[in-house]
1. PRE reach from Gln216 (point 7 Å along Cα→Cβ): which of region 82-108 fall under 19 Å by backbone N?
2. By count of other Cβ within 10 Å, fewest leading, how are Ile91, Ile192 ordered?
3. From the backbone phi of region 180-193, what are the Karplus-calculated ³J(HN,Hα) couplings (6.51 cos²θ - 1.76 cosθ + 1.60, θ = phi - 60°) in whole Hz, Gly and Pro given as x?
4. At 7 Å along the Cα-to-beta-carbon direction for both Gln194 and Asp114, put a label point, then send me their distance in nm to one decimal.
5. Among Trp152, Trp169, Trp139, which comes first, then next, by fewest other beta-carbon atoms within 10 Å?
6. Mind checking the full-extension length gain between His229 and Gln122? Use 0.36 nm per residue of separation minus the Cα-Cα distance, one decimal, nm.
7. Only Cα pairs under 8 Å and at least 6 apart count here; give the relative contact order of region 123-172 as a rounded whole percent.
8. Where the centroid of each part is defined by its Cα atoms, how far is region 133-181 from region 69-108 in Å?
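No value in this document is a laboratory result; all are computed from the given coordinates. Since we're looking at a predicted model, the values are computed, not measured. FYI the Cβ positions are ideal-geometry reconstructions off the backbone, even for glycines, and counts take in every protein chain you see.
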Amino acid sequence: MKKVWTFFLSIAFVLSLAACGGTAASSGGSASSEPAASAFASSAQPAASSEAAEPSADAEPSAESETPAGEGGTLVAYFSWSGNTQQMAQIIAEQTGGDLFEIAPATPYTEDYDELLDIAQQEQAEDARPALADEVENWDSYDTVFVGYPNWWGDAPMAVYTFLESYDWTGKTLVPFNTSASSGFGRSLEGIAQSAAGATVLEGLALTEGELPDAQDRVTEWLDGLGLHE
Ligand SMILES: Cc1cc2nc3c(=O)[nH]c(=O)nc-3n(C[C@H](O)[C@H](O)[C@H](O)COP(=O)(O)O)c2cc1C
């Protein structure tokens, strides 16, 4: 079974690398060297798979704005299945003073990693738009929206596209961030720019699982470079 995954993941890596070859709006991750596919298969175990679906109390994402309309607020929206992207989102929210919002599917994904691989691949093949559990309140109050997600088969989870296509991005600044086993943004940045038509997309930050222990410093450096640190 593992050999089959290794084969498919190898194909996915190759496609994802080929697709992101010309991408400029990313830093870290997307152009990183590719470890063996087995590293991906073994690193994303389902042990922490329920974290994203049921965040801890202090990590509870809020769909409510703490920023009054018109004050140019910051929103940190993220999708996370096993907690890595959520961790990055929390750091970004702390360093920008932004509000957190979890992009969660109305029907939670399975907690079984192998099943999830199949489901994610099928959703991509169907170009699905899974319904979401929550909406952002006071969307108009945000000027800057960070959008974070894991790499799933070289792209963003389809629920992220549902999120992007649910709002008017005219005049907004979108700042992507990503976690992955190794492939960074993959081909997702193209899809994001299309689905968030009207947004100005800034340089993103992609961290691999191995880079997550340095996330605080990496995020600080990145935000400083963008002039978005609080
Ligand atoms: C369905 C699925 C597909 C994945 N595909 C890739 C991939 O193509 N390339 C990669 O580097 N990592 C891949 N990963 C690993 C995740 O991107 C990585 O573990 C990420 O940090 C998980 O983020 P999360 O904890 O926020 O869900 C995949 C994981 C899952 C569950």
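1. Under cut-off, by backbone N: 84-98.
2. Details: Ile91 20, Ile192 23.
Going from sparsest to densest Cβ surroundings: Ile91, Ile192.
3. The phi angles translate into 7, 5, 6, 8, x, 5, x, 9, 5, 5, 5, x, 5, 4 Hz.
4. So the two model labels end up 3.3 nm from each other.
5. Values: Trp152 26, Trp169 19, Trp139 16.
Placing the least packed residue first, the sequence is Trp139, Trp169, Trp152.
6. Working: separation 107, 0.36 × 107 = 38.52 nm, distance 3.82 nm.
Length gained between His229 and Gln122: 34.7 nm.
7. Values: 30 pairs, mean separation 24.8, N = 50.
Relative contact order for region 123-172 comes out at 50 percent.
8. 9 Å
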